[in-house]
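For reference, the structure discussed in these notes is given below.
We did not get these values from a lab; they are worked out from the coordinates using the rules stated. Everything quoted here is computed from the prediction, not taken from an experiment. Virtual Cβ from ideal backbone geometry, glycine too; neighbours counted across all protein chains shown.
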Ligand SMILES: [Ca+2]
Ligand SMILES: [Ca+2]
Ligand SMILES: [Ca+2]
Ligand SMILES: [Ca+2]
Ligand SMILES: [Cu+2]
Ligand SMILES: [Cu+2]
């Protein structure tokens, strides 16, 4: 039960438990000076839309120094606090604030929340955030409804004419068109909030294949400053044409301007092709029908890992705490191998999807998924499909998006040992009839974030040789638009006769607070070069060589990847040597770096600061906890937080180094993206690899190491 | 038995079987005009070293047009031929030739070899190869021995003085020093063959940990032109110093010049550290001791793949023939998915390891492993470690390196289904309470080439959604040298007190003869760009877009990867459209491209033509079968074959397109490379991905596709 769970020993790395969220929420609502309401129980009208409410609550990791003093030196347990994001619409001017609340009595009875602290916006020097940079919430639907209601009759008139009698809104049944919003954006100081809306007509009322059943109709809804009554649709896009108003659209349609009406065709799938957006069985033979299950894992000695209270995972010398933030997603704390801390924190920071297109909505889509809630979007995993039958499960609990109670996501995190079927170490010498090997072994910690249409499968993968990989693969529906033949040359290919996804990026960003032999580390960058040597007979040859340079400052340790000047960065402890005198370290391997091709100085690149560098290392600061923020989405040109601010010339040598990396790819949608995108072949991530951390391969103490000789 | 195996139906894609090799070898030896001897039965002396012998024999894939006419159109079975590489030392001038021999009577009795054909060197316009570009063989030891014998007494005098009484050659027991050669090279028209030799002193007489027990002594042995008696050691390297002769080395040692003698220390491991080069159990606790086996595969419905005669593999709609060439390694022929040919051939072409160092041997090491025999180096795989217990095995048979009979490598190829434990397709919608997925499934075809110190694990990985990946990971001993502290800044880190590997590349190159909807294909290159769009309110924004350009010529389809100008190449059938009018195709995904940093025009780059382009596409020609050759190793500046010659401006549109790709990484040796390099995190390869090849994800006909709805 929740109470029992709360009474389990809560460590400094434990995320909030159910009753802690409840205590904090209750406490916040009871503070008269905050004037907060439970937004889920409040009727939202045009008059009442300026409410004060709680957007989210999460565990505030205490300052690192306090945590380390507690964990490593038996110092006092740091105060347990929760951070809350408050949208303060009733204020004048309206604003967004963050506060801290202290939680007590963990050991004994129910938790008690107390001690409200006003604090800066996390990872920023801002005391507050402009109201219109607030996270998207139920309030936003008000402006949207107002805008649409102003043209409701004309809109339905047009819809029925263009789309075979289908209509929109009340009493549309059974021929209903739906709407959905893509991104929204601060367009100017006058138009501080505008939403791109698109319409769809699914094949079936159930299921959300609607994502790949868009209609060629999109609009921009916007209002002037904070005047909700001013919201209106300011731009119409229909089948490749832009119109300033619905009247202009209808007039053009009636006049058949440029063949708008007579050349218009909506091709819909028929017969078996109607299944294309779902997972129902297709007609025809099935592959694997006689043997529907392939190899499944069996553990002859039982499970080799353990999952403790508070999401502490242990396996073959590895140990870590699995956590999450509702916005940023997975965070893994105090990651240790063979008893030594490798990383204090490894955490996701952002998931970007930036689109293209020559319509209204796709062209303007830039998703920063921290805003939409990477961690709050985890859900129950399906045993045997999302994770093997041998997996263990943990729950996640989040409070986000203007909820009134914490959301318990049962079995949203799975842990399993995966046999890679490849030996970790291996050599066979036929000249000496000698074979040696250590079999492969990995542990996977998996969460899947379902951010509306898209599914991000995030794995932390530990190896028996001390390597650690973070890997993300994507699936889910592409965000689609009306297809035109010219798209093939610029944006994407049809998934269906008349629709297409459009070209987009996926970029994931992470924070990696490596602590190698303590917190005092440096970054040793190996610059790959060509050197010269002698062939032994006086001839000059070119050879491989590197120049290893320890970055003196943060600026020397921040760079974009270039294939012509490859770099291998290693986080080292200069004063901690292995048996052979090399500074102990871990290499950071970028598995799929992607550059941002936007022109220098583009103002909307500011919210994409996390991808300005392929690799960056900065001095740890509690106040620089994240490389992106929940507030960037609403105003790309003015994020509260940017990694670029952290890289400010500070000395980096023998400091508490924090590494920031990203990984990305281009996704050109094709027919094979239906019903959903495949996970195969498109993994993103990075690896951490022992680099003189040990004296020999850390896999050599595995009990299953084997040597076969001819004797 | 061999006879039965030969009587099994032999397809046009079958590699030679044992008795075919024997028949060809016997036939060749019986041709008086060739004057060939069985080199394994010939006493090699200074006088007899110029012998004519067979270096290798392999199956000559018939011209593609003949194969397709036979396979696709029931045309006649092409003549079955073997190619033999003949080193013709007795000729004047000595030379290297290749010949074809026809094999008959496959269906009935024993095969009969007949019809000797003189042909050009494969994949070249050369009728023959200069004798001193011949593949390395037993003959080379003669020059080496002659050179060493000239200084034998002085050398042993020095060895005993420098290395604690250890010596070399006869009667050294029990304190023996060994030697090994690194690369060899054509240094000038006068010195056409020179060998870099290094000395080692292993901890134990058994096992080949000798690779990581080098002594700081290396020499260059060379001879003038073809005069074997002229071979001598022309350069000495000891502990960082170069000497023209052993007398100079000894004189400097005796005079303690620059502290040569008094500052010299060989630090050897003691106690448990002595285990560092082998796989014997280390002292102390073992990880996994109580549970030594993790998850193993169990197949509740039995094996889902089949391995037929002649290495034909089938699995869930996939089908291919698994083959190999002794030099180039794995080749997969007639790869089909759902009955359609995807690739006529996918084959490894080269495995390069190019080193650095400030010594003699490492600095001059450039290995082109086709020369050393990627395919001939496959050996029996260890069940349960190299491949899971559920794997099936196939044999490989090669005839290479001056053998006198074919080498049967039992169980050298394994095939197994691997559960990736990640769904191929997956979406969960919490708003609609809708879940759909197709579980992941892959088939792996594995070969491991043990090229002396190094182990290349090559996997062909097929997915249930039509994706195909070729992936290579490496393990094995690094090639090591004496370590100096300055190495850390340039070449590598110590594996042991006094020794170190040195920085090197691994570059793998492949040929991918995609045939999409037939042989008439084009290459559509998607150039990633930034475009402009309107924010709907008159503001300009930047968006993602691509420019798709079909390469008109080979030159337009050959490029080095640049992160600032990303390209996605797709091989398409312009006239074959999917249901939605897009040309059917497969995307070629470069998983880890590496650029060659050697300066433009460097003459030894010529043998590295396979890595001049990250991606190249050329018009198929039977005469352009490979992108590298066995003859490049001996003379890097004059390879018989180079990919760069194939890219010569020919029209490429609607041609039989062949794609050439590579993948590489830098390996900085560290302490963790002992005992052997880890396989984790360093995979190389490429992927082939359906790109409008189908009308929806090809995984949707899997019997285990699942849909869960709230109904
Ligand atoms: Ca800083
Ligand atoms: Ca740190
Ligand atoms: Ca050509
Ligand atoms: Ca082709
Ligand atoms: Cu995508
Ligand atoms: Cu290597």
Item to complete: Could you work out the mean projected area of the convex hull around the alpha carbons of segment B:378-448, in square nanometres to one decimal?
Response: 6.2 nm²
Worksheet entry | Extent along principal axes [Cα atoms of segment A:446-569; Å; largest to smallest] | 67, 44, 32
Worksheet item: What do you get when you divide the Cα radius of gyration of segment B:99-168 by 2.2 N^0.38 Å, with N the number of residues?
Response: 2.11
Worksheet item: Which whole-number percent is the relative contact order of chain B (Cα, under 8 Å, 6+ apart)?
Response: 13 percent
Practice prompt. Over segment B:522-572, consider all pairs of different Cα atoms and compute the Kirkwood hydrodynamic radius from their mean reciprocal separation; express it in Å, one decimal.
Written response: 12.4 Å
Item to complete: Mind jotting down a quarter of the surface of the convex hull over the alpha carbons of segment B:576-711, in square nanometres, one decimal?
Response: 15.5 nm²
Discussion item. Please report the spacing between the Cα centers of segment B:321-361 and segment A:286-321 in Å, no decimals.
Written reply: 34 Å
Item to complete: Provide the FRET efficiency to the nearest 0.05 for the residue B:181-residue B:257 pair, computing r from the beta carbons and using R0 = 35 Å.
Response: 0.80
Worksheet item: Please state the relative contact order of segment B:77-164 as a whole percent: Cα pairs under 8 Å, 6+ residues apart?
Response: 21 percent
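Please state the equivalent ellipsoid semi-axes for segment B:231-321: what are the square roots of 5 times the Cα gyration tensor eigenvalues, largest first, in whole Å?
57, 28, 8
Taking R0 as 35 Å, what's the FRET efficiency between residue A:141 and residue B:579 from their Cβ-Cβ distance, rounded to 0.05?
Efficiency, rounded to the nearest 0.05: 0.40.
Using a 10 Å cut-off around each Cβ, can you sort B:448, A:99 from fewest to most neighbouring Cβ atoms?
Working: B:448 27, A:99 20.
Listing B:448, A:99 from fewest to most nearby Cβ atoms yields A:99, B:448.
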Response to the item:
Using the Kirkwood formula on alpha carbons, the hydrodynamic radius of segment B:443-492 in angstrom works out to 13.5 Å
Worksheet item: Using alpha carbons only, how many degrees (0 to 90, rounded to 10) separate the axis of helix B:18-29 from the longest principal axis of chain B?
Response: 50 degrees
Worksheet, complete the sentence: Least to most buried among A:377, A:628, by other C-beta atoms within 10 Å and fewest first, runs A:377, A:628
Worksheet, complete the sentence: Placing each pseudo-label 7 Å from Cα in the direction of the beta carbon, residue A:549 and residue B:555 end up separated by a distance in nanometres of 3.7 nm
Worksheet item: Compactness ratio of segment A:664-711: Cα Rg over 2.2 N^0.38 Å, N = residue count?
Response: 2.17
Practice prompt. Taking each pair of different alpha-carbon atoms in segment A:567-635 once, compute 1/r for the pair, average those values, and report the inverse of that mean as the Kirkwood hydrodynamic radius in Å to one decimal.
Written response: 15.2 Å
Discussion item. If every alpha-carbon in segment B:70-197 counts as one equal scatterer, what log10 I(q)/I(0) does Debye give at q = 0.10 1/Å?
Written reply: -0.58
Worksheet item: Rounded to whole Å and sorted largest first, what semi-axes of the equivalent ellipsoid does the C-alpha gyration tensor of segment B:317-369 yield via the square root of 5 times each eigenvalue?
Response: 37, 10, 6
Discussion item. Rg/Rh for segment A:595-647 to two decimals, with Rh computed the Kirkwood way over all alpha-carbon pairs.
Written reply: 0.96
Response to the item:
Computed curve, segment B:184-277, Cα-only Debye sum without solvent term, log₁₀ I(q)/I(0) at 0.17, 0.18, 0.26 Å⁻¹, is -0.88, -0.93, -1.20
Practice prompt. Report the normalised scattering of chain A as log10 I(q)/I(0) at q = 0.06, 0.07 Å⁻¹, calculated by the Debye formula with identical scatterers on the alpha carbons.
Written response: -0.40, -0.54
Worksheet item: How far is helix B:152-162 tilted, in degrees, relative to the longest principal axis of the Cα atoms in chain B, given as a value from 0 to 90 rounded to the nearest 10?
Response: 80 degrees
Practice prompt. Would you calculate the separation in nanometres between label points at residue A:340 and residue B:69, each defined as 7 Å from the Cα along the Cα-to-beta-carbon direction?
Written response: 6.7 nm
Discussion item. Suppose we keep just the DSSP beta bridges with both residues in segment A:1-120; what percent of those would be antiparallel, to 5?
Written reply: 95 percent
Worksheet item: Which whole number of Å³ per residue matches the convex hull of the alpha-carbon atoms in segment B:1-159?
Response: 161 Å³
Worksheet item: How high is the relative contact order of segment B:214-326, in percent, with contacts defined as C-alpha pairs under 8 Å that are six or more residues apart?
Response: 10 percent
Response to the item:
Bridge orientation stat for chain B from DSSP, antiparallel percent rounded to 5, came to 100 percent
Worksheet item: Counting each DSSP H run of 4 or more residues in chain B as -39500 (n - 2.57), what helix-only mean residue ellipticity at 222 nm follows after dividing by all residues, to the nearest 500 deg cm²/dmol?
Response: -2500 deg cm²/dmol
Discussion item. As a test, work out the antiparallel percent of DSSP beta bridges whose residues both lie in the protein assembly as shown, rounded to the nearest 5.
Written reply: 95 percent
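To make sure I understand, if each residue's beta carbon is the centre and we count other beta carbons within 10 Å, what order do B:334, A:227, B:555 fall in, fewest to most?
In increasing order of surrounding Cβ atoms, one gets A:227, B:555, B:334.
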Worksheet item: Relative to the first principal axis of the alpha-carbon coordinates of chain B, what is the inclination of helix B:140-149, with its axis defined by its Cα atoms, in degrees from 0 to 90 and to the nearest 10?
Response: 30 degrees
Fill in: Projected-area mean, the protein assembly as shown, by convex hull of Cα positions, square nanometres
52.4 nm²
Worksheet entry | Tensor-based shape of segment B:417-466 (alpha-carbon gyration tensor, a/c under 1.5 rounded, otherwise prolate or oblate) | prolate
Worksheet item: Label 7 Å along Cα→Cβ of residue B:290; segment A:283-313 residues with amide nitrogen under 12 Å?
Response: A:302-306
Worksheet item: Of all the Cα-Cα pairs you can form in segment B:125-265, what percent are over 27 Å apart?
Response: 25 percent
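Just to check, using Stokes-Einstein with a Kirkwood Rh over alpha carbon pairs, what's the diffusion coefficient of segment B:13-78 at 10 °C and 1.306 mPa s in µm²/s?
109 µm²/s
Based on the alpha-carbon gyration tensor of segment A:363-510 and its eigenvalue square roots a ≥ b ≥ c, which shape applies: rounded if a/c is under 1.5, prolate if not and a/b is larger than b/c, or oblate?
Taking the square roots of the gyration eigenvalues as a ≥ b ≥ c, segment A:363-510 is oblate.
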Item to complete: Determine the distance separating the Cα centre of segment A:541-555 from the Cα centre of segment A:82-124; give it in Å without decimals.
Response: 46 Å
Discussion item. Checking a compactness column here: for segment A:623-667, what do you get for Rg(Cα) / (2.2 N^0.38 Å), N being the number of residues?
Written reply: 1.41
Discussion item. Quick check: residue separation of residue A:530 and residue A:229 times 0.36 nm, minus the Cα distance between them. What number comes out in nm?
Written reply: 101.8 nm
